[in-house]
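Everything below concerns the one structure shown next.
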Amino acid sequence: MKASLATRRANLAETVIQALAARIENGIWGPGQKLPSEQALCKEFGVSRPVVREAVASLRLGGRLVARQGVGVFVVEQDVKRIGFAIETVVDDVRAAAQILELRLGVESESVARAAERRSPASMADITEAYDQFNALGDASLEAEAAADFAFHLAIARATNNPHFTHLLEALGPDIILDLNLKHSQVNSKNRQAHIKKIAREHGAIVSAISMGDAAGARTALQKHLLESHLRYQRLLQGNDPRRDA
């Protein structure tokens, strides 16, 4: 897919995000209210299903929407509890990100293998769409980079045809975004494009393995992609460990 087309779709998604968020903020959709179907939203906004999915996923990450299996997507109620870690300091941020990354390594190593075994033309199209949108980021914000990165991994979870992989990643969304924001923020502006290209190459290796039905190769590519960040977090934590000065 050409970068210009992916960029246009990203802009369409941002338009839908703003429109949906405005309805929540203005009380048009109240807490606990079910959103219209994906098909209805596509028709209303004149956009494709991937655009609506990206917009809804973004609002889920922001804690405004929640998906209920077999029922639909709802506006979050005030007392909804999410999986999360207590974040108080910079060191705690890194520690929390390292913890969530350990969990991701376990969960996503399995989900990527299942995706390779169970992929369909539709799920491969969704994964490729997410891959292309990340590649088309250009000078996007850190938040946009993290959201696009997460959308890629979420598309893989959906390709497993096991809804529990998807629901777990969605529930962990804010914590995963913490990890991704830290990863992307550690790169200075001068090296940002090289950083995006590096991640894109790693994503490309994962996409290639999934498309070929290579479960072992997909698992290896995913682990290589995540382990580098985990090792970096470990080095940061060791550098802030007071026991090193004892």
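Coordinate-derived values only; no laboratory data. Just so you know, these numbers come straight off a predicted model, no measurement behind them. Cβ coordinates were reconstructed from backbone atoms using ideal geometry, including for glycine residues, and neighbour counts include every protein chain displayed.
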For the stretch 3-75, convex hull of alpha carbons as volume per residue, Å³: 86 Å³
Theoretical FRET efficiency, 1/(1+(r/R0)^6), r = Cβ-Cβ of Leu103 and Lys43, R0 45 Å, to 0.05: 0.75
Net lengthening on full extension, Arg23/Lys197 (0.36 nm per residue, minus Cα-Cα): 59.0 nm
Positive minus negative residues near Thr160 (Lys, Arg vs Asp, Glu; Cβ under 11 Å): +1
Nearest-0.05 FRET efficiency for Arg235 and Asn11, computed from C-beta distance (R0 41 Å): 0.60
